[in-house]
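Take a look at the structure set out below.
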Amino acid sequence: MSVPLDIAALGARAAAMIEELGAISESPDHLTRFFLTPQHRRAADLVATWMREAGLDVSEDALGTVRGHWHPAGPGAPRLLIGSHIDTVAEAGKYDGAMGVVLGILALGIIKKAGLSRPYGIDVLAFGDEEGTRFPTTLSASAAVAGIFAPASLAMRDADGVSYRDALIAYGKNPDDIPAAAYDPNKVIAYVEAHIEQGPVLEADGEPLGVVTAIAGASRLSITVTGEAGHAGTVPMRMRHDALLGAAEMALAAEKIAKADRHGMVATVGRMHIDPGSINVIPSRVVFTLDLRSGSDVSRREALERFEREAHRIADLRGLGVVISAFHEVATVPCYRDLQLRLRNAVADLGHPAPSMPSGAGHDGQAMSKLCPVGMLFVRCRGGISHNPAEYASPDDMGLAAAALVRFIERFQLPQLTDATGGVLT
């Protein structure tokens, strides 16, 4: 028998919680809430209050991850994890991360109130370092939960020169306790996260919810193009070695490669520095970045090889030099097929198809995939806008997402989970 659901009420409550959490910021003029700051402390305390109100037991680990526990089968039973993050970028929107925490609390509160018994436990997790905005690291809180925290991170410093270690101690934590934050992989069934899409696809398709197939892998390159400076008025076009025009053609080549891909590839040139940077001098040197993301590691590697060939071809034709170096590489994280199917069926129960789609943004699921199977539910966001104060998800859509999590939990037993390649995990 299905738990009765008031989707409108769930959505209204989610919206109210989002507003309350969004008011916790270092500035009254915008939302900025960094890891291990006084604002993080206040947000974590508010989340813990909500968890207790939902009837959950609450704990907090050595990196400040707030955990709400419901263990009807006893503390030794395996558990399902649901979560997201409560840290933000600078001048952020209110929904990125926070919404997933709120929806997890609401869904589990409904399940517990209905008296539904499960042969496993459920923990709702509120991570604190997904964005990597304070220290030059990211996903460290979820990495600790997954048992892959890098101790070298503790030496990293923020813009004020405060080390990660000292910030933890000031937050009231003992860095020596970090290993105890890790879950036993033999006791974890899966990790599921609800998140705003951070893109325009669901809105364009007229659908409130989507199911994520994979968290895209990413490669970041630095490309240096060298040419020859010359007078802008005296060097004929046919005799120029213009580094900027070569770099521009390489950027267009990256765009063409991405558009031809079948795995949702995106290519972005986000930075470009031009020397000597004078209005009347032909550019002699350009350094630009390329961010390449895809739902397939194979296609991403092939695209990188194609881009390198194209860049050298363009440089040769224009009499330029080019040096390409990679400075960031993250593998694709496939979402598990059974979790995708179960999430899609949960949404279908509410009368919606939940299209399949990749995630081009990074998420805590990337770290959690080292611990257990992961699944993600996307929620439509207005205009596809994220990391921006204009970020918005409607109460109706959030209510549907909370309801979908309830239906997902209702049907979730202790299954065999099939991974993205068809292999079976027990």
Quiz item: Percent relative contact order of region 122-242, based on C-alpha pairs within less than 8 angstrom and at least six residues apart?
Solution: 14 percent
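Suppose the chain between Phe327 and Arg52 were pulled fully straight at 0.36 nm per residue; how much longer would it get relative to their current alpha carbon spacing?
Length gained between Phe327 and Arg52: 94.7 nm.
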Quiz item: Using the count of nearby Cβ atoms within 10 Å as a rough guide to exposure, how do Glu329, Glu26 rank from fewest to most?
Solution: Glu329, Glu26
Self-check item: Integer Hz, Karplus 6.51/-1.76/1.60 couplings in order for region 231-240, x for Gly and Pro
Solution: 5, 5, x, 10, 8, x, 4, 6, 10, 8
Quiz item: On a 0 to 90 degree scale, rounded to 10, what angle separates helix 395-411 from the longest Cα axis of the chain?
Solution: 60 degrees
Quiz item: Along region 39-56, what does the Karplus equation 6.51 cos²θ - 1.76 cosθ + 1.60 (θ = phi - 60°) give for ³J(HN,Hα), rounded to whole Hz, x for Gly and Pro?
Solution: 5, 4, 4, 5, 5, 4, 5, 5, 4, 4, 4, 4, 4, 5, 4, 7, x, 9
Self-check item: Residues with amide H under 5 Å from that of His241, placed H, sequence gap 5 or more
Solution: Glu228
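Over region 217-330, what is the mean sequence separation of C-alpha contacts under 8 Å (at least six apart), divided by residue count, expressed as relative contact order in percent? Before the final figure, lay out the partial values.
Details: 228 pairs, mean separation 51.7, N = 114.
Relative contact order for region 217-330 comes out at 45 percent.
Using the 2.2 N^0.38 Å rule of thumb for compact globular proteins, work out how region 89-136 stacks up: its C-alpha Rg over that value, please. Don't jump to the answer; show the numbers that get you there.
Numbers: Rg = 14.7 Å, N = 48, 2.2 N^0.38 = 9.6 Å.
Output field value: 1.53.
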Quiz item: Using helices alone, what [θ] at 222 nm do you get for the chain, with -39,500 (n - 2.57) per DSSP H run of 4 or more residues, divided over all residues and rounded to the nearest 500?
Solution: -10500 deg cm²/dmol
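Could you estimate the translational diffusion coefficient of region 217-330 from the Stokes-Einstein equation, with Rh from the Kirkwood formula over C-alpha pairs, at 37 °C and 0.692 mPa s, in whole µm²/s?
227 µm²/s
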Quiz prompt | Net charge of Cβ neighbours under 13 Å - reference Ala23; Lys, Arg +1; Asp, Glu -1 | solution = -1
Quiz item: Long-range amide H contacts for Gly375: which residues qualify at under 5 Å (H placed 1.01 Å from N, peptide plane, sequence gap of 5 or more or a different chain)?
Solution: Tyr191, Val192, Glu193
Quiz item: Taking neighbour Cβ counts within 10 Å as the exposure measure, how do Glu203, Glu197 sort from fewest upward?
Solution: Glu203, Glu197
Quiz item: With contacts defined as alpha carbon pairs under 8 Å and 6 or more residues apart, what's the relative contact order of the chain in percent?
Solution: 23 percent
Quiz item: Two-decimal Rg/Rh of region 289-382 from alpha-carbon positions, Kirkwood Rh?
Solution: 1.14
Practice problem: Enumerate the lysines that Lys112 could reach by cross-link, defined here as Cα to Cα under 23 Å, with residues fewer than 8 away along the same chain left out. | Solution: Lys187
Quiz item: Per the Kirkwood definition applied to all pairs of different Cα atoms, how many angstroms is the hydrodynamic radius of the chain?
Solution: 23.0 Å
Practice problem: Rounded to whole Å and ordered largest first, report the semi-axes of the equivalent ellipsoid of region 74-181 derived from its Cα gyration tensor (root of 5λ). | Solution: 30, 18, 10
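Within the set of other residues whose C-beta is less than 14 Å from the C-beta of Thr226, count the net charge using Lys and Arg as +1 and Asp and Glu as -1.
Numbers: positive: Arg240, Arg285, Arg318; negative: Glu228, Asp242, Asp275, Asp316.
Residues near Thr226 contribute -1 overall.
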Practice problem: Quick one: which residues, 5+ away or cross-chain, put their amide H under 5 Å from the amide H of Ala214? H built at 1.01 Å from N. | Solution: Cys335, Ser359
Practice problem: Report, in degrees rounded to the nearest 10, the 0 to 90 angle that the Cα long axis of helix 98-113 makes with the longest principal axis of the chain. | Solution: 20 degrees
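Neighbouring Cβ atoms within 10 Å as the yardstick, rank Val269, Val298, Val225 fewest first. Provide the component values of the computation, followed by the final result.
Details: Val269 18, Val298 11, Val225 31.
Ranking Val269, Val298, Val225 by Cβ neighbours within 10 Å, fewest first, gives Val298, Val269, Val225.
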Self-check item: Shape category assigned to region 66-120 from the gyration tensor of Cα positions, a/c cut at 1.5
Solution: prolate
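No lab work stands behind these numbers, since they all come straight from the coordinates. Predicted model only: the values in this text are computed from it and were never measured. Please note: Cβ atoms are built from the backbone with ideal geometry, for glycine as well, and neighbour counts cover all protein chains shown.
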